[in-house]
Amino acid sequence: MGEKIKLGISTCLLGEPVRYDGGHKLDRFLTDTLGQYVEYVSVCPEVECGLPVPRESMHLEGNPDSPRLVTSRTMQDMTERMMNWARKRVVGLEKEDLCGFIFKSNSPSSGMERVRVYNEAGMPVREGVGMFARIFMEHFPLFPVEDEGRLHDPKLRENFIERIFALKRWREVVAKKESRGNLVDFHTKNKLLVLSHGPKHYQMMGKLVAQAKALPIKEVYLKYQSLFVESLKLKTTPKKNANVLQHMMGYFKGQLSPDEKQELIEIVELYRREYVPLIVPVTLIKHYVRKYDQPYLKEQVYLNPHPIELQLRNHV
Ligand code: SF4
């Protein structure tokens, strides 16, 4: 794999003692496992906006759509201070070429969803977004984002990591000369990956690429980018993946022996019924791709969307 993927991350997840109580929230999967493929750009909104460690804890209060950030004991309003800092910080992050962000869950500054917001009666509703996280997501609407809590769910983890690798590959294409040929090449390799997430997007992107000659190339790239990013946000399902696997079988017409074909059909069905993980049929297809030297499938990102060591397709 070429250069590491750059990801933003809440500083305390890296084990830095920056939390209000002087502690941290080290997440070993993020540092030791994903960290092998990723270069992190850490952001601690509360420390970077000038607050000390340790410090008074804070919370959100008021309207969940535009809450105030207030210290919990002395009730100092930190809203303007945090917002002014955050607006500048996101502009600074533009030059980092990030492919996404991993936020600390539940934090009034860094949480990306379901953060507690207290109403006038002092009752919390879990409808808030941390102040920095909100400004970041508004500034970079296409970026994949997750929090460390959600990343413990194997499906959400797989989806997020697939998206950051996909965005990195797309950025590599954008960095080259914009041309219809480069776009067609990228699209051809990523077709089945897109199909496994969004069959409708797959069709729309196919049409867009086919019409690419009729439109200014910049416009085609921008439209393609938003469809690509949107499509990968949609979750894959056993049904969608089984459809892709069956589609792949079609490329071996006349090559698989009747026994090989039967075995593959059975394994795809076992996967569709969630008795075996996706890695099982994918490994068998990869074996046939190599055995029969299938040129189109050999190039498909779908067969190798992220490093196998991350074991993202091993869950049922
Ligand atoms: S949750 Fe955010 S603000 Fe709080 S310590 Fe972690 S990085 Fe800093």
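Please give the net charge around residue 241, taking every other residue with its beta carbon less than 14 angstrom from that of residue 241, where Lys and Arg add +1 and Asp and Glu add -1.
Value of the local net charge: +3.
Which of the peptides 209-221, 166-178 is most tightly packed, and how do the rest follow, going by the mean number of other Cβ atoms within 10 Å of each residue?
Ranking, from highest mean packing down: 166-178, 209-221.
Test of understanding: what is the full-extension gain from residue 257 to residue 26, defined as 0.36 nm times their sequence separation minus their Cα-Cα distance?
Between residue 257 and residue 26, full extension yields an extra 78.1 nm.
Kindly rank 93-104, 117-128, 302-313 from highest to lowest mean number of other beta carbons found within 10 Å of each residue.
The most tightly packed comes first, giving 93-104, 302-313, 117-128.
Per residue of the range 23-38, in order, report the coupling 6.51 cos²θ - 1.76 cosθ + 1.60 (Karplus, θ = phi - 60°) as ³J(HN,Hα) in whole Hz, putting x for Gly and Pro.
3J(HN,Hα) across the range 23-38, in whole Hz: x, 9, 9, 3, 10, 5, 4, 5, 7, 8, 9, 5, x, 5, 10, 10.
Given bins 10 angstrom wide, list per bin the percent of all Cα-Cα distances in the chain, short to long.
Each 10 Å bin holds this share of Cα pairs: 5, 23, 28, 22, 14, 6, 1, 0.
Taking H placed 1.01 Å from N in the peptide plane, check which residues at least 5 places from residue 147 or on another chain put their amide H under 5 Å from its amide H.
Here the answer is 103, since their amide H atoms fall under 5 Å of that of residue 147.
Compute the Cα gyration tensor for the range 248-316, then decide on rounded, prolate or oblate, letting a ≥ b ≥ c be the square roots of its eigenvalues: rounded whenever a/c is under 1.5, prolate when a/b is larger than b/c in the other cases, and oblate in all that remain.
Verdict is oblate for the range 248-316.
Over the Cα atoms of the range 46-204, Rg to Rh with Kirkwood Rh, two decimal places?
Looking at the range 46-204, the ratio lands at 1.07.
Would you mind checking the pairs 176/235; 189/240; 88/223; 191/240 and listing those with alpha carbons more than 21 angstrom apart?
Violating the 21 Å limit, Cα to Cα: 176/235; 88/223.
Calculate the radius of gyration of the Cα atoms of the range 181-316 to one decimal place, then report Dmax, the largest Cα-Cα distance, as a whole number, both in Å.
15.9, 50
Let me have the 222 nm mean residue ellipticity of the chain computed from DSSP H runs of 4+ only, each contributing -39500 (n - 2.57), with the sum over all residues rounded to the nearest 500.
-14000 deg cm²/dmol
Using the Cα centre as the reference, give the magnitude of the dipole from point charges on the C-beta atoms of the range 166-316 (Lys, Arg: +1; Asp, Glu: -1; all else neutral), rounded to the nearest 20 debye.
Computed charge dipole of the range 166-316: roughly 600 debye.
Which residue, chosen from 92, 71, 36, occupies the Cα position most advanced towards the positive end of the dipole of the range 1-110, where the dipole is computed from +1 (Lys, Arg) and -1 (Asp, Glu) charges on Cβ about the Cα centre?
About the Cα centre, the residue reaching furthest to the positive side is 71.
Choose one answer from 59, 201, 287: the residue with the largest mean-square fluctuation in a GNM of the chain with alpha-carbon springs under 10 Å.
Between 59, 201, 287, it is 287 that shows the largest mean-square fluctuation.
Sort 188-199, 67-78 for me by packing, meaning the mean count of neighbouring Cβ atoms within 10 Å per residue, highest on top.
Answer by packing, highest mean first, reads 188-199, 67-78.
Give, rounded to the nearest 20 debye, the magnitude of the charge dipole that the chain has about its Cα centre when Lys and Arg contribute +1 at Cβ and Asp and Glu contribute -1 at Cβ.
Approximately 1000 debye in magnitude.
Which one, 208, 222, 82, is farthest towards the positive end of the dipole of the chain when Lys and Arg carry +1 and Asp and Glu -1 on their Cβ?
208
Computed from the coordinates by the stated procedures, all read-outs in this text should not be read as laboratory data. None of the values given here were measured: they were computed from a predicted structure. Because the Cβ atoms are built from the backbone with ideal geometry, glycine has one as well, and the counts that use them run over all protein chains shown.
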